Every structure is written in structure tokens, then in C-alpha cells.
Amino acid sequence: MATTIVPEPKPAIEATSFDLTLASARTTMMFSQVVALALDSFRASKVRFLLTMLGMVIGSASIILVVTVGLTGKQYALDSISSLGPDKVEMIYSGGQVMGPDNTSTPDYMTREDMLAVKDQVPGIVAYSPMLEFHDRISMGGGVTKEAMLLGVSPQYKEVRGLHVLAGRFFDDEDAAGHAKVAVLIGPMAKQLFGSYQAAIGQSVSIKGQSFTVIGVFVESIDTYGFSEISEHTLLIPYEVARYFTGTDTVKELFFKVSDSTMVEPAAKEITALIQSRHRPSSVYTPSTLTDILKTMAKIADILTYVLTIAAAITLVVSGVGIMNSMLANVQARLREIGIRKALGATRREIRMQFLTEAVFLSLSGGILGTILGLGIPLAVRLLTSYQLPVPWGAGILALGTSVVVGVIFGTVPANRAARLDPVETLKYE
């Protein structure tokens, strides 16, 4: 008996794969045709589309330039504040009393010995200075007097505070050890009293009846507008001399400089713990650093940049409205073309895709040109000048992404309107 061989049926998966491949090919062909039609439409109405695109160019460039300005301002502000001393720790007496044998209380101030203990026991300390502050009227001779704030500091105070000497010199260790009666005037005061910085050098001023020789004129690294211990009427003298005027070795403030700005916060904690251990538990000593100020300034600058970027992004929204109006006019002008395409078998999806692609193409083209312009300006400044402006590449990506989103959102209405048109009615349009 002959055996009948029945061929095995082919797996259904092959037919499915073929269908998927065919569908993919059709989709690719449709998309390429849609892009070709969009380019033809652009070439047919160059002026109108270029004017519509101009809003996207301006909006995209504005986003990038606003971020550039924000980053530049942020860096300038942080650099300016950092020049006050990112590696500085200022210890301030904040409260606490010591009871005497007669039941009277006196402030538990810090001492010079506290400063020397910190210098010896806290690693990373490279400079230090006590500060004695008192106010008095100084005399320049001829009956001329002036109210001044006198600070008794060590020679290392110049390094700790980053002071700039405009004329003459700062007093040194030899002056401090020899109790030399020398003084360093702040710039505005020297100019007011003697007419110029250089003219102040060698002049004599009288402090509490003692004659001091002006050996230097200084200024802060940046103007702190009175928010530091230095004012426009400050005169610096050696701490060893100032302590005789105050009659005490105690101080309200101690300054320290560490070798690396990354060590500021750990050093501040160690300094506070050490000084606290040398005084009564109820006494309070507060460290002051620029770290918190820098963080706050960075946050403020970031928030300001975000707000300005959002404001610039509104320009893109306005441009999107322009794109929608232009595409609606484009749909109206091409009613007969839409009717012919539908009569030839084009689906609603294909018509919608065509006009949506045109809107995205228009928006993205403006975004690309605006991004090139926005990034080109800071790049040109960096290459052609000495100013190293930041180049916000992330803002460029944001501008491009936003332009695509704007094209999709504002191109949807015209595309849907074109897709819903009745082919019979559109073929009647002249």
C-alpha cells in the first residue's frame, strides 16, 4: 500500500513576518513621500515659510543666549564672593558669661592663646590673625581730627583677608615683635585725608595721643559695601600695639585660613570644637564661612536663569501660533491638491502626516538655525576675545527639543483640519 506524503504546512509566522516587512516598506515609502511633499511645499512658498521660521530662530537663539547670560552672571557673582576668601574661617564670640569671685559676670571672649592652640592642633591652617576693634578719633595735626575704626591685627591678616596694598607696604612680623607704631589706611580714607594713596605714605597720625606712621594703603579684594569688619574709615595697626589701648588680651573674632577651600567646613567644625573645649560649656562661638553664601548665591542664580529661560521659551510659543496660522492658510490654499490626493486613495492618516511633517520641518528648521546662532555667539566670543563665556550645549538641545514639540503641538490643528476635509467639496474648490 502506497504511503501518501502530506506536505507540512508552513508556519504561520512566515506569513506574519512577510506582512510586517511589507507594512514596514509601505510605511518607509509613505514617510519618504511625505518628506518630499513637505520640501516641495517649502520651495513653493519660500518667503512665507522663511518669515514664519524667523520667530523660531529668534526664540531658539534667545533661550541659549539667556542661559549663557545667566551662567556668566552666576560665575561672576561666585568669583567675586570667592575672592573674599573661600578658604577663610572666621570665629565669632556669640554669647556666654564667666562669673567672677565677686559674683559679677564678664563675657567669655576668645583669647590669643585659643588662636595659637588652633594653629597647633587643627591641620591645614596656613594663616591666622586675632582682631581687636575699637573706635577713636585720630588727629593729623593742625587740629584736624577724623572718626576712625581701628583694628588690631597680625601681619597675616593681609593674607587671610586677601587685602590688596595700593601703596607702601603692610606691617610685618618685625613690626609686630618690635611693637612698632605703624598704621595701614584704607584707600578711601587715605585719599580723603591726604589727596592720594602715595601722598599718605610717611604721614603721621595721632591715636590716643601716640604718633603712628602711615606705611601703607590697602583695599579689600572686592567692595563688600560695609558687610564686613572693614569700613571706609578703617585703620589697621599691629595687634601687639592695639592690646595696650584696649587693656585686654581677649578678642571677639579670630581669623583662620586653610590650605584648601575643600577643607573649610571640616576645619570650621574642628576649630569650633577646640575653642569650645577651652571655655565654659554655656559659651557660644560661631564659625562663619563663605560656603553657605556661595551655595545660596548659586541657587539664586539658577532660579533666575530658569525664570529667564521660561520667559524666552514664551517666544517659541508665540512662534508656534504663527506656525499654526501659516499652516492653516497653507491648508486653505491647497484644498484642491488635498481633494485630488484623497481621490487617488490617500488616507486621512497620510494627509495628517503630510501637514504635520511640514509643520515640524518648519519649526525644526528654525530651531536649528536659532541654535547655531545662539551657540555661535558665545563660541565666537571665546575664540576671538579673552572672555571665556560658558557655552550651554544643554540649552542647545533644549531649544531643538522645544522646537520639535512646538511644531507637533501647533501643527496638529492644521493637520487634523486637512485630514477631515471632504474630497468632493475640495475638488469643487477653484
- Query: Just one of the numbered conditions (1) open to solvent by 70 Å² or more (accessible area, probe 1.4 Å); (2) out of contact with any Asp or Glu (no Cβ under 7 Å at 6 or more places or on another chain); (3) part of a helix (DSSP H, G or I) is not true of Pro281; which one?
  - Reply: (3)
- Note on the structure: When every residue in the stretch 343-375 that is touching a Gly at 6+ places or on another chain (Cβ under 6 Å) and open to solvent by less than 10 Å² (accessible area, probe 1.4 Å) is compared, the one nearest to Pro414 (Cα to Cα) is Ala359
- Looking at Gln203, Gln198, which one is open to solvent by 70 Å² or more (accessible area, probe 1.4 Å), in contact with a Phe, Trp or Tyr (Cβ under 7 Å, 6 or more places away or on another chain) and touching a residue at least 24 places away in the same chain (Cβ under 8 Å)? Gln203
- Task: Return the only residue of Glu229, Glu265, Glu240 being assigned to a loop (DSSP other than H, G, I, E, B), among the acidic types (Asp, Glu) and within 30 Å of Thr286 (Cβ to Cβ).
- Result: Glu229
- Task: Those residues that are in a strand (DSSP E or B) and within 35 Å of the chain's Cα centre (by Cα), I need them from the stretch 107-145; list them, please.
- Result: Ile125, Val126, Ala127, Tyr128, Ser129, Pro130, Met131
- Where residues in the stretch 134-155 are open to solvent by 20 Å² or more (accessible area, probe 1.4 Å) and in contact with a helix residue (DSSP H, G or I) (Cβ under 9 Å, 6 or more places away or on another chain), which of them is nearest to Pro188 (Cα to Cα)? Lys146
- Query: Is there any pair with a first residue in the stretch 398-417 that is under 16 Å from Leu328 (Cβ atoms) and a second that is assigned to a helix (DSSP H, G or I) and of a type in the set (Phe, Trp, Tyr) whose Cβ atoms are under 9 Å apart and which are 6 or more apart or on different chains, and what are they?
  - Reply: Gly407/Phe361; Gly411/Phe355; Pro414/Phe355; Ala415/Phe355; Asn416/Phe355; Arg417/Phe355
- Query: In the stretch 311-331, what residues are among the small types (Gly, Ala, Ser) and open to solvent by less than 40 Å² (accessible area, probe 1.4 Å)?
  - Reply: Ala312, Ala313, Ser319, Gly320, Gly322, Ser326
- Listed residues Thr357, Thr402; which is of a type in the set (Ser, Thr, Tyr), over 16 Å from Leu316 (Cβ atoms), modelled with pLDDT of 80 or more and over 22 Å from the mean Cα position of the chain (by Cα)? Thr357
- Note on the structure: In the stretch 379-393, anything touching a residue at least 12 places away in the same chain (Cβ under 8 Å) and under 16 Å from the mean Cα position of the chain (by Cα) is listed as Leu389, Pro390, Val391, Pro392, Trp393
- Message: Checking Gly247 against (1) touching a helix residue (DSSP H, G or I) at 6+ places or on another chain (Cβ under 6 Å); (2) surrounded by fewer than 17 Cβ atoms within 10 Å (Cβ to Cβ): exactly one of these is not met. Which one?
- Response: (1)
- Message: I'd like to check something: does the stretch 206-226 contain any residue that is open to solvent by less than 20 Å² (accessible area, probe 1.4 Å), touching a residue at least 24 places away in the same chain (Cβ under 8 Å), in a loop (DSSP other than H, G, I, E, B) and farther than 17 Å from Ser139 by Cα?
- Response: yes
- Message: If I go through the stretch 159-195 residue by residue, how many of them are touching a residue at least 12 places away in the same chain (Cβ under 8 Å) and either among the charged types (D, E, K, R) or part of a loop (DSSP other than H, G, I, E, B) (or both)?
- Response: 13
- Of all residues making up the stretch 59-111, the number that are touching a strand residue (DSSP E or B) at 6+ places or on another chain (Cβ under 8 Å), of a type in the set (Val, Ile, Thr) and modelled with pLDDT of 80 or more: 3
- When the stretch 227-244 is examined, which residues are found to be surrounded by fewer than 17 Cβ atoms within 10 Å (Cβ to Cβ) and hydrophobic (A, V, I, L, M, F, W, C)? Phe227
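The values are calculated or read from the model by the stated rules, or taken from the named source; none is laboratory data. Just so we're clear, the structure is a prediction, and the values are computed from it rather than from any experiment. Ideal geometry is used to build each Cβ from the backbone, glycine not excepted, and the neighbour counts take in all protein chains shown. Side chains included, ligands, DNA and RNA excluded: accessible areas come from the protein's heavy atoms. Shrake-Rupley method; radii C 1.70, N 1.55, O 1.52, S 1.80 Å.
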